[in-house]
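The values are calculated or read from the model by the stated rules, or taken from the named source; none is laboratory data. The structure presented is a predicted model; accordingly, all values stated were derived computationally and were not measured. All accessible areas refer to the heavy atoms of the entire protein, side chains included, with ligands and DNA or RNA removed. Shrake-Rupley method; radii C 1.70, N 1.55, O 1.52, S 1.80 Å.
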Amino acid sequence: AISDLPDLNVRGQQYVGRAVVVEQAIENGRGRVRVGDTLWSAEGPDAPAGTRVTVTGARGTVLVVERVPA
């Protein structure tokens, strides 16, 4: 598929390794995280809002996250 926004995946990739905060609880593997002043859809283990997670990858406009070990 050809995208009108070819840099979006690259944009997501630049956040890999970054710690971000869950803005909208991740439930059933999906939620939203805040990166700076932007909300991104996220996939990862269930986590309540306010949880710190680390970006481990990106699929299009969806960031893949993991919980930060306590």
Measuring from the lowest to the highest alpha carbon on each principal axis, how far does the chain reach, largest first, in angstroms?
38, 22, 20
Accessible area of the chain divided out per residue, in Å², using a probe of 1.4 angstrom:
63
Spelling it out for residue 63: with amide H atoms placed in the peptide plane at 1.01 Å from N, the residues 5 or more places away or on another chain with amide H under 5 Å from its amide H are 41, 42, 43
